[in-house]
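The values are calculated or read from the model by the stated rules, or taken from the named source; none is laboratory data. Just so it is clear, the structure is predicted and the values come from calculations on it, not from any experiment. So basically every Cβ, Gly included, is an ideal-geometry build from the backbone, and we count neighbours across all protein chains shown. Accessible surface areas use protein heavy atoms only, side chains included; no ligands, DNA or RNA. Shrake-Rupley method; radii C 1.70, N 1.55, O 1.52, S 1.80 Å.
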Amino acid sequence: MLEAARDAIRIHLETGDHLVFDPREPELNLPRGCFVTLRSAGALRGCIGTFDSSQPLSKNIPRMAVAAAFQDPRFSPVGKAEWRQIRIEISVLGPLEKISSIDEIELGKHGILVRLGPRSGTFLPDVAIEHKLSREEFVMLCAREKAGLDPKEIAYAELFRYEVEKFSE
């Protein structure tokens, strides 16, 4: 998975093409969502993902790697001089579980999805630990910064949790 993500970034950087990935491992043909996180010198350099589980990991991982490297609006596109120093992390998403209370979130274990109508936002499990957030801070920050909800709207939002399997270089 990590090799496919790195190859996808390299191929796109060199040619603008997309990696055609035909995995030998049957697990990579399973339909699962994923996030690809890029770090440079330990700092976040890009992170894009999808909950779309209609596509197999063999398609989602290269797509999300390219998106994280070149389409994350928070960062300039990864350049030829830096791509080899980028460290890649892949989070394979488990199923979404609708929850009714933030008490059902285990910090560091669960990622969250906050949704109200067409607006939604997510945080991977590591965000709570990296930023030393309480459950309430984790949910409120995600709702405000990722879903764009104001405090009055948050009470009406749906809340989901999910687990991830993480692989990193």
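What longest region of the chain stays clear of trypsin sites (Lys or Arg not before Pro) that DSSP places outside H, G, I, E and B and that have at most 10 other Cβ atoms within 10 Å?
Numbers: sites that count: ARG24, ARG74, LYS80, LYS132.
The reported range is 81-131.
Convert 25 °C to kelvin, take the viscosity as 0.890 mPa s, use the Kirkwood radius over C-alpha pairs of region 29-129 as Rh, and evaluate the Stokes-Einstein diffusion coefficient in µm²/s, rounded to a whole number.
Working: Rh = 14.7 Å.
Estimated via Stokes-Einstein, D reaches 167 µm²/s.
With the calculation restricted to Cα positions, what are the radius of gyration and Dmax of region 86-141 in angstrom?
11.9, 38
Only helical DSSP H runs with n ≥ 4 go in: add -39500 (n - 2.57) per run for the chain, normalise by residue count and round the 222 nm mean residue ellipticity to 500 deg cm²/dmol.
Values: 5 runs with 45 residues, N = 169.
Mean residue ellipticity at 222 nm (helix-derived): -7500 deg cm²/dmol.
Can you pull the percent of the chain's accessible area that's carbon plus sulfur, 1.4 Å probe, other chains left in place? Please report the intermediate quantities before stating the final value.
Working: 4710 of 9270 Å².
Percent of accessible area from carbon and sulfur atoms in the chain: 51.
Let me check against my output: what whole-number percent is the relative contact order of region 21-122, with C-alpha pairs under 8 Å and at least 6 apart? Write out the running numbers ahead of the final one.
On the way: 142 pairs, mean separation 28.0, N = 102.
The normalised contact order for region 21-122 reaches 27 percent.
Mind listing P(r) for the chain? All alpha-carbon pairs, 10 Å bins, whole percents.
10, 37, 34, 16, 2
Hey, what's region 1-67 come to in accessible area per residue, 1.4 Å probe, Å²?
Numbers: 3380 Å² over 67 residues.
I get 50 Å² per residue for this part.
To the nearest 10 degrees, how steeply does helix 57-70 sit against the main Cα axis of the chain, on a 0 to 90 scale?
Helix 57-70 sits at roughly 90 degrees to that axis.
Among the lysines, select those whose C-alpha is under 30 Å from the C-alpha of LYS166, and discard any that sit fewer than 8 residues away in the same chain.
Cross-link targets: LYS59, LYS80, LYS98, LYS109, LYS132, LYS146.
Can you give the Rg to Rh ratio of region 1-53, both from alpha-carbon atoms, with Rh computed by the Kirkwood formula?
Details: Rg = 12.5 Å, Rh = 12.6 Å.
Here the Rg-to-Rh quotient is 0.99.
Could you state the per residue volume, in Å³, of the convex hull enclosing the Cα atoms of region 56-104?
Taking only Cα atoms, region 56-104 has a hull volume of 135 Å³ per residue.
I need the calculated FRET efficiency for the pair ALA155 and ASP103, taking r as the beta carbon distance and R₀ as 22 Å, to the nearest 0.05. It would help to have the intermediate numbers written out before the result.
On the way: r = 16 Å, r/R0 = 0.73.
Taking R0 as 22 Å, the efficiency between ALA155 and ASP103 is 0.85.
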